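**Student:** Pasting in a structure now, in structure tokens, and then I'll have a few things to ask.
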Protein chains: 2
Amino acid sequence: MMKEFLKVIHYEEAVEKLITYRPFSEIESVNIADCCNRIAAQDVCSSENLPAFHRSTVDGYAVIAEDIYGCSETSPGFLQIIGEITMGQSAAIKLQKGQCCWIPTGGMLPEGANAVIMVENTDKLDDRTILAFHPVSLYENVMQSGEDIKIGQRAIKKGTVIRPADIGLLASLGIASMEVVKPYKVGIISTGDEIVEIEQKPKAGEIRDVNSHALYAAVKSCGALPFVYPLVRDQFDDLKQAVEGAIKENHILLISGGSSVGIMDATLEVLMSFPEAQMLFHGIAIKPGKPTLAVKIGEKLVIGLPGHPVSALTNFYILIRPLLIDGPIVNSLEGYLKLNIASQAGRDDFIPAVIEERDGQKMIRPLLGKAGLMSILSQSQGYIHIPYEQQGLKAGEKVKVIIY
Amino acid sequence: MMKEFLKVIHYEEAVEKLITYRPFSEIESVNIADCCNRIAAQDVCSSENLPAFHRSTVDGYAVIAEDIYGCSETSPGFLQIIGEITMGQSAAIKLQKGQCCWIPTGGMLPEGANAVIMVENTDKLDDRTILAFHPVSLYENVMQSGEDIKIGQRAIKKGTVIRPADIGLLASLGIASMEVVKPYKVGIISTGDEIVEIEQKPKAGEIRDVNSHALYAAVKSCGALPFVYPLVRDQFDDLKQAVEGAIKENHILLISGGSSVGIMDATLEVLMSFPEAQMLFHGIAIKPGKPTLAVKIGEKLVIGLPGHPVSALTNFYILIRPLLIDGPIVNSLEGYLKLNIASQAGRDDFIPAVIEERDGQKMIRPLLGKAGLMSILSQSQGYIHIPYEQQGLKAGEKVKVIIY
């Protein structure tokens, strides 16, 4: 036992090592409509002005602003109607002093015009004349060419998580596809002599393979591509063969094994038998998930998670998710702690919690009691992280819940 | 103009009407691993105990608790080792008074045992004897059968958004598939004589079809199934034919048309020409998106959005998203307003905003200035909702941002 205790590293160090050795991300070109929630692999700059022409933002009359300076309800301006702008067509009209023309919302401002007066502020005297009851300032009710985006301006910043508004912006600029970061392929292997497929009725002492299913869903919910491999018994050769295949086909491999120290050691032995293997850590000062280990094999990353489903999934959230999606996308929420939480100094604790509302304030209720219940994890909305140096948290303290 | 003003309804009323006439949701059975982010269509109850047997939660020795009551470092208890539990196998061993056996984490408790002492609290005297330095309480370090979930207990509540931990729980119970709510099919039609495909270089007065792409991504990001139809000119017959096809194939149809009042009226005319048509509203006291309209045709819902991309997408978030996903999934965040915002009483305003951190506090910066810039919407992370009766918000006020 002592051997393992000596190797245990801090949570922050484990996260940092994983991030440092994160496999290289490839890039692919994707149609913009399918880029939602993808990460921009490079800056996207505009090759045109948006809008391309001066557009009216209201229904009204295109005017020369100077013609109606100083006009009012009691002393309206008179303007001659010389035509009408049609949507989607270049304005053939050219305004001269004292003239105006009808323009719909979105219509292209005709030559000579420099503002639009809203229809509500006018009255039609006859077919050829309007009264203007308000002055307009220069380019009032007009979106000027290039006002949204100018030629050469950056529309999307590298690293941005693309959302529908970004896709709208790209479409406006005529950009039909863009370079985004390719999602990681993540292999998932469940090991353990006691594990059976979920469709089977476990015999005494056996349990169903929870991790393949929960980790598949967890990987997918991060936007990465999960691949589940068949169950592997606790045999060196079987596991070695399975790992060999899976690291060829994936960027990251998750192996969930028994929580027992012996089985974690066996997994480590298999991983270290690869010629390019480099051990990153074996054991983290965290609860749950102390026996978690990581080995770099060539450019690939293999992470050994505890076999217990609650530990495996919690460790996924605290260690693997930060690798798959970038920090800011992970949601968190602040509130006031409802109960004291005890915690040993000398390790990072991760406590499942639910968020409640009381008098419009967010209250955080830690789900204490027996660790390791899947039903508890299922009821919780996120976790509270108690750092290494802290001995616990007091009821009433402001705490952060990181949402699953 | 007066006709339209009279018809304008409040934002809350519009949302309520849409929710009331939301098409009926169908149900489908889906493999649990693919249920992530889907909504449970019914309660799921367990037909077995979880765990199925008493399991050890540590590596150690299965004991009879009473045998080592009162033992200590200075006065250890002696126990006879009679064997070892193997993972995945039924325990053939039966403990008698004074006996113990090795048990790994996750191992099945043998008959007669009622607790586990951690290996750290023992010492092996010889191959057949251990010293126990601490007492254990009844069922200490044991997860009892049914402690996680009992037979007949509800594991998943109807209406729950399924997450990886729920999938883990279902897998533990041997449930391989479950009934979830089928996503809505949402048709998307862009109309307007000035609209061209995004690959085209618009001629003077034309603009690219932004809405088909942005709405496709927005619908998809809500978990619904978007279908984009070809562009439609502003012609009664063309639009009628397109709507006829699309309402057959979808639950909800989004038509984005010119922002011009005339074009919205034309869309309404087409929709009301269907024999089963029932107008829900035409015009909402909101900014942006006042001319938005909704018509129920049979069991289907058709929503006419303004053609301007910023208005169309904003209206998607404030009106359509609540139909597609249930309230609690929509993220929001509180912070302190950085600038005053003016707003007219008598309408609901929706202002794009960015969230900044200052001294560990969240500050909300509204993106004021000219409305209708797609680049502004792309920069913002969410919106501030200023309700009907309010005349604006003051800098320093606590405000909520609803995340896009």
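The values are calculated or read from the model by the stated rules, or taken from the named source; none is laboratory data. Predicted model only: the values in this text are computed from it and were never measured. Counting neighbours? That spans all protein chains shown, and the Cβs are built from the backbone with ideal geometry, glycine included.
**Student:** Assess whether residue B:198 counts as being outside any helix (DSSP H, G or I) and buried (at least 18 other Cβ atoms within 10 Å of the Cβ).
**Tutor:** Yes; evaluated as a whole, the condition is true for this residue.
**Student:** So which of A:32, A:68, A:39, A:19 ends up being crowded, with 22+ Cβ neighbours inside 10 Å, among the hydrophobic types (A, V, I, L, M, F, W, C) and either in contact with a helix residue (DSSP H, G or I) (Cβ under 6 Å, 6 or more places away or on another chain) or at pLDDT below 95 (or both)?
**Tutor:** Residue meeting the stated conditions: A:32.
**Student:** Give me a count of the residues in region B:12-48 that are assigned to a helix (DSSP H, G or I) and closer than 18 Å to residue B:172 by Cβ. Steps first, please.
**Tutor:** Within region B:12-48, the subset assigned to a helix (DSSP H, G or I) is B:12-20, B:32-34.
Next cut, closer than 18 Å to residue B:172 by Cβ only: B:32-34.
Number of matching residues: 3.
**Student:** Where in region A:201-309 are the helices (runs of 4 or more DSSP H), entirely inside, with at least 1 residues that are touching a strand residue (DSSP E or B) at 6+ places or on another chain (Cβ under 8 Å) and either at positive phi or within 14 Å of chain B (Cβ to nearest Cβ) (or both)?
**Tutor:** Here the list reads A:211-221, A:261-272.
**Student:** If you don't mind, another one. Can residue A:50 be described as more than 11 Å from chain B (Cβ to nearest Cβ) and either touching a strand residue (DSSP E or B) at 6+ places or on another chain (Cβ under 7 Å) or crowded, with 21+ Cβ neighbours inside 10 Å (or both)?
**Tutor:** Taking the combined requirement at face value, the residue does not satisfy it.
**Student:** Oh, and also: Restricting attention to region B:54-78, and to residues there that are within 14 Å of chain A (Cβ to nearest Cβ) and among the small types (Gly, Ala, Ser), which single residue is nearest to residue A:371 (Cα to Cα)?
**Tutor:** Looking at residues that are within 14 Å of chain A (Cβ to nearest Cβ) and among the small types (Gly, Ala, Ser), I get B:56.
**Student:** Oh, and also: So in region A:386-404, with the set limited to residues that are within 26 Å of the chain's Cα centre (by Cα) and not in a loop (DSSP other than H, G, I, E, B), which one is surrounded by the most Cβ atoms within 10 Å (Cβ to Cβ)?
**Tutor:** A:401
**Student:** With the requirement that a residue be in contact with a Pro (Cβ under 9 Å, 6 or more places away or on another chain) and either over 23 Å from residue A:374 (Cβ atoms) or without any contact (Cβ under 8 Å) to a residue 40 or more places away in the chain (or both), what does region A:198-211 give you?
**Tutor:** Correct list: A:207, A:208.
**Student:** Could you list all residues from region A:10-39 that are within 14 Å of chain B (Cβ to nearest Cβ) and free of Cβ contacts under 8 Å to residues at least 12 places away in the same chain?
**Tutor:** A:34
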